[in-house]
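Every read-out reported here was derived from the displayed coordinates using simple, explicitly stated rules and does not represent laboratory data. Since this is a predicted model, take the numbers as computed values, not measurements. Cβ: placed from backbone, ideal geometry, glycine included. Neighbour counts: every protein chain shown.
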Ligand SMILES: NC(=O)c1ccc[n+]([C@@H]2O[C@H](COP(=O)([O-])OP(=O)(O)OC[C@H]3O[C@@H](n4cnc5c(N)ncnc54)[C@H](O)[C@@H]3O)[C@@H](O)[C@H]2O)c1
C-alpha cells in the first residue's frame, strides 16, 4: 500500500498510551511527521523514541490539552516545528464509572473538561491555520457510548455524546472550507487504561469475564483496530466522509 500520509504533519493528543500511541506510530509508518502529545511527558517521549527507532519522524509536545493556554501553545509549537498542521487527532480522554447519583460535581466537571473542552480548545487553535490553507482534517475519539449508553457511566456517556455532537457541528461549519471533521467510536478496547481499571476492581478476573461476555464478538478490541479506523478517517480515502461517527465496537451497538 502507498504511504497515505507522506509530507503530512499530524498531531495526536494522548499519544503516550493505548489508542493514541498506536495511531501515532501508524501515521509515522505511513510517512507523516507526528507531533506526539501527552499529559505525561515521559510517555510522549517514549512514543517519539518508538517512532524514531522504526525510522519515522516525530517530536514531543507534552501538556494538558484541557488547558486553554497550553492547547494554544501546543498547536503553535507544532506549526512552528512542522511548518503546518494537516491532521489533528483529538484522542486524549478519560473515564469514570457512576450514575448521576454517585458522580461528584468535581468528577463531572473534570470529565467534561478533559473529554470535551479539550477538543474545543485544540480545534479552535488548529482551525485558523487549516482555514488559511483551505485544507485540514480533524478526527475526534468519541466512544460507542457516544451513540448508545451502558449502565453506570453517566458522565462518560454524556461527554462522548457531546464529542459526537461537536464533531457534527464542526463538520457542517467547515464543510465549505476544505476541512473534514469525523469521529471514531471505539467499543471496549484492551488499552492500559482498561487494564488498569480491571486490575483495580474487586475481582479482576470476574470484571474481565463480564466485559468480554457483553461483547458479541466474544473479545475486546485491540488498540491497533481502533487506530486503523482513525487513520482511515484522516486519509484521503475518506475524502467524502465528514460529520460521521465511525463505530468500531465488535458489534456491541448493532
Ligand atoms: N479503551 C477503551 O475501551 C476506549 C473505548 C472507547 C473510547 N476510548 C477513548 O479512547 C481515547 C484513548 O483511550 P485509551 O483507552 O487509549 O486510554 P489510555 O489511558 O491508554 O491513553 C490515553 C492517554 O491520554 C493521556 N491524557 C489524558 N488526559 C490528557 C490531557 N488532559 N492532555 C493530554 N493527554 C491526556 C493520558 O496520559 C494517556 O496517556 C480516550 O478518549 C477514551 O475515552 C477508549
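What distance in nm separates the simple spin-label points at residue 84 and residue 2, each placed 7 Å from Cα in the Cβ direction?
Using points 7 Å along Cα→Cβ, the separation is 1.7 nm.
Let me have the relative contact order for the chain, percent, based on Cα pairs under 8 Å that are six or more residues apart.
Working: 526 pairs, mean separation 47.2, N = 254.
Once normalised by length, the contact order is 19 percent.
Helix 223-234 against the longest principal axis of the chain: what's the angle in degrees, Cα atoms only, rounded to the nearest 10?
40 degrees
How many angstrom lie between the C-alpha centres of region 207-232 and region 184-201?
Their Cα centres are 9 Å away from one another.
Could you tell me the relative contact order of region 121-221? Use alpha-carbon pairs under 8 Å, at least six residues apart, and round to a whole percent.
On the way: 106 pairs, mean separation 27.5, N = 101.
This gives 27 percent for region 121-221.
Quick one: grab the alpha carbon gyration tensor of region 1-143, order the square roots of its eigenvalues as a ≥ b ≥ c, and give me rounded if a/c is under 1.5, else prolate or oblate depending on whether a/b is larger than b/c.
Values: a/c = 2.03, a/b = 1.53, b/c = 1.32.
Prolate shape, in that a/c is at least 1.5 and a/b is the bigger ratio.
Can you tell me what percent of all Cα-Cα pairs in region 173-246 are more than 15 Å apart?
Roughly 63 percent, once rounded to a whole number.
Specify the angular offset, from 0 to 90 degrees and rounded to the nearest 10, of the alpha carbon long axis of helix 154-173 from the longest principal axis of the alpha carbons in the chain.
The two axes meet at around 30 degrees.
Taking the chain as the region of interest, what is the percent of Cα-Cα pairs per 10 angstrom bin, listed from the shortest bin to the one with the maximum distance?
8, 32, 38, 18, 4, 0
Given the peptides 85-95, 110-120, arrange them by the average over their residues of other C-beta atoms within 10 Å, most packed first.
By packing density, highest mean first, the sequence is 85-95, 110-120.
With r as the distance between the Cβ atoms of residue 69 and residue 97 and R0 = 30 Å, compute the FRET efficiency 1/(1 + (r/R0)^6) and round to 0.05. Numbers along the way, then the final one.
Numbers: r = 31 Å, r/R0 = 1.04.
My answer for the efficiency is 0.45.
At a Förster distance of 22 Å, what's the computed FRET efficiency of residue 253 paired with residue 209, Cβ-Cβ distance as r, to 0.05? Before the final figure, lay out each step's value.
On the way: r = 21 Å, r/R0 = 0.96.
Plugging the Cβ-Cβ distance into 1/(1 + (r/R0)^6) gives 0.55.
Measure nothing but the geometry: give the 0 to 90° angle between the long axis through the Cα atoms of 118-133 and the longest principal axis through the Cα atoms of the chain, rounded to 10°.
20 degrees
Please work out the Cα center distance from region 102-157 to region 1-73, rounded to the nearest Å.
Answer, in whole Å: 18.
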